[in-house]
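Here is the structure we will look at.
The values are calculated or read from the model by the stated rules, or taken from the named source; none is laboratory data. None of these values were measured; they are calculated from a predicted model. Here Cβ is always computed from backbone atoms with ideal geometry, including for glycine, and neighbour counts include all displayed protein chains. Protein only, heavy atoms only, side chains kept; ligands, DNA and RNA dropped before computing areas. Shrake-Rupley method; radii C 1.70, N 1.55, O 1.52, S 1.80 Å.
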Amino acid sequence: MKEIKILCVYDGYITKDIMSGMKELEKFGAHITMINDDQIKNVGNVTNRMLLLEQKGIAEAPTCRTLLENCSDKEILVVHCTSINKEILEACSKLQAVVVLRGGIENVDSSELAKRQIPLMNASLRSADAVSDAAVGMMIAENKNIARSHHYMKEGRWVKSYINQRYIRNMNKCTVGLIGYGAIGSRVAKKLKGFESQILVYDPFVSKEQIEKDGVKVVELDQLLETSDFVSVHLRLSDKTKKFMGKREFAQMKKTAYFINTARAGLVDTEALTDALKNREIGGAAIDVFDQEPLPKGHPYLNLENVTLTSHLAGTSSDTPVVSVEIGVQKLKDYLTRMAEEDNEED
């Protein structure tokens, strides 16, 4: 079996010990080299880098010099949040494939990869369970005033009546509208079935047949917005989905409905959502992702009574880094197996 050189870049989230799981690929003829991206030292660095990539693009993210110095003879690159930009690609004369150990691929110059016909693999399912758990939890927290009650009790206040008092609902009496039905949205639907909620789905990128096989109802966006008690967004951020939820969409929602965002801040027009909450055009919101992180002092969200805020925690789980590597290993096993089979056919 021909040896293939794989360079793995670990960081403060997918650590050296966790990345060492890639050594399983040595059984498939791989030679594994591991290096550190010392610019990404902790989870905070990861979320900052992700926000930078989403808002300003890969050109604004720094090149990992250690990667640049070690990539020239490597055939496969494996990274987490480290950038694989044009500078890196131009230094890789033997590159055959790229693996990104996260759901998004914003840290890779995918158009340049496509020009070079180099396949890109990612760990699209790595945080699907963590984020879907959080989405359901945030629905319940906002509806049942869990975070608000906790906050008041820490202040010594015993509060029994809230601004949503007349429309606090049992989940089995609620209709939940899911915008997006990929790895996360579909898991949210599965978990909500345990609460006996009615589930509506709008996803222009997934076929109706594929969605309906899970026993949920596919509707147009307008119907979802007008009839749902919760609207939870689970789209990938792109030019087509930027500010997908804006003034028009919030105006269509019920005045008692809650908006949930555990996906990407860029999917939402923040000013429009702020106005909708302030003017009580919707019942409330639960938000995990923001245009500015950390959320700055004086941000209008902080003065609203009808919002639950978390500090970009939805994907946080001690299982996620390990799962990321496991997914990457499996994808590379499949890739190396196919390459070996093709080599045998040529022989």
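Any idea which residue in segment 322-335 is most open to solvent (accessible area, probe 1.4 Å), counting only those that are more than 22 Å from N48 (Cα to Cα) and of a type outside the set (A, V, I, L, M, F, W, C)?
Here the residue is E326.
Could you pull out the residue among C64, C92, C71 that is in contact with an Asp or Glu (Cβ under 8 Å, 6 or more places away or on another chain) and touching a residue at least 12 places away in the same chain (Cβ under 8 Å)?
Criteria check complete, one pass: C64.
Suppose we keep only residues that are under 22 Å from S124 (Cβ atoms) and touching a Leu at 6+ places or on another chain (Cβ under 8 Å) within segment 228-256. Which one would you say is most open to solvent (accessible area, probe 1.4 Å)?
K242
Considering only residues that are β-branched (V, I, T) and at pLDDT below 95, look in segment 289-321 and name the one that is most open to solvent (accessible area, probe 1.4 Å).
First pass over segment 289-321, keeping only residues β-branched (V, I, T): 289, 307-308, 310, 316, 320.
Remaining after also requiring at pLDDT below 95: 316, 320.
Values: T316: 88, T320: 5 Å².
Going through the qualifying residues, I end up with T316.
Consider I88 against the criteria (1) assigned to a helix (DSSP H, G or I); (2) under 16 Å from D11 (Cα atoms); (3) open to solvent by less than 10 Å² (accessible area, probe 1.4 Å): it satisfies all of them except one. Which criterion is unmet?
(2)
Could you run through segment 168-183 and say how many residues are touching a Ser or Thr at 6+ places or on another chain (Cβ under 9 Å) and at pLDDT 95 or above? So that I can check it myself, show each step before the final result.
Within segment 168-183, the subset touching a Ser or Thr at 6+ places or on another chain (Cβ under 9 Å) is 169, 171-180, 182-183.
Add one more test, that the residue is at pLDDT 95 or above, and what stays is 169, 171-180.
Of the residues in segment 168-183, 11 are touching a Ser or Thr at 6+ places or on another chain (Cβ under 9 Å) and at pLDDT 95 or above.
Taking only segment 100-153 into account, find how many residues are buried (at least 20 other Cβ atoms within 10 Å of the Cβ), in contact with a Phe, Trp or Tyr (Cβ under 9 Å, 6 or more places away or on another chain), free of Cβ contacts under 8 Å to residues at least 60 places away in the same chain and part of a helix (DSSP H, G or I).
Summing the residues that are buried (at least 20 other Cβ atoms within 10 Å of the Cβ), in contact with a Phe, Trp or Tyr (Cβ under 9 Å, 6 or more places away or on another chain), free of Cβ contacts under 8 Å to residues at least 60 places away in the same chain and part of a helix (DSSP H, G or I) in segment 100-153 gives 1.
Could you please find all residues in segment 20-45 being of a type in the set (S, T, N, Q), at pLDDT 95 or above and surrounded by fewer than 18 Cβ atoms within 10 Å (Cβ to Cβ)?
The answer is S20, T33.
Results for (1) touching a residue at least 40 places away in the same chain (Cβ under 8 Å); (2) surrounded by fewer than 15 Cβ atoms within 10 Å (Cβ to Cβ); (3) part of a helix (DSSP H, G or I); (4) of a type in the set (A, V, I, L, M), shown as yes or no for each residue.
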| position | (1), (2), (3), (4) |
| --- | --- |
| S186 | no, no, yes, no |
| E196 | no, yes, no, no |
| V206 | no, no, no, yes |
| L224 | yes, no, yes, yes |
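Just to be sure I understand, how many residues within segment 154-168 are more than 19 Å from A135 (Cβ to Cβ) and either among the aromatic types (F, W, Y) or surrounded by 18 or more Cβ atoms within 10 Å (Cβ to Cβ) (or both)?
Residues flagged as more than 19 Å from A135 (Cβ to Cβ) and either among the aromatic types (F, W, Y) or surrounded by 18 or more Cβ atoms within 10 Å (Cβ to Cβ) (or both) within segment 154-168 amount to 3.
State the number of residues belonging to segment 269-288 that are open to solvent by less than 10 Å² (accessible area, probe 1.4 Å) and closer than 27 Å to G103 by Cα.
Selection size over segment 269-288: 5.
With the condition kept exactly as written, say whether any residue in segment 169-178 is crowded, with 18+ Cβ neighbours inside 10 Å and under 19 Å from the mean Cα position of the chain (by Cα).
So far as segment 169-178 goes, yes, one or more of its residues are crowded, with 18+ Cβ neighbours inside 10 Å and under 19 Å from the mean Cα position of the chain (by Cα).
Take the conditions within 30 Å of K2 (Cα to Cα), at pLDDT below 95 and of a type in the set (S, T, Y) and apply them to T337. Does it pass?
yes
Take segment 1-25 and flag every residue that is in a helix (DSSP H, G or I), more than 22 Å from N107 (Cβ to Cβ) and touching a strand residue (DSSP E or B) at 6+ places or on another chain (Cβ under 6 Å).
Answer for segment 1-25, where residues must be in a helix (DSSP H, G or I), more than 22 Å from N107 (Cβ to Cβ) and touching a strand residue (DSSP E or B) at 6+ places or on another chain (Cβ under 6 Å): just K23.
State all residues of segment 294-323 that are under 30 Å from V100 (Cα atoms), of a type outside the set (A, V, I, L, M, F, W, C) and touching a Ser or Thr at 6+ places or on another chain (Cβ under 6 Å); if no residue qualifies, say none.
Within segment 294-323, H312, G315, T320 qualify.
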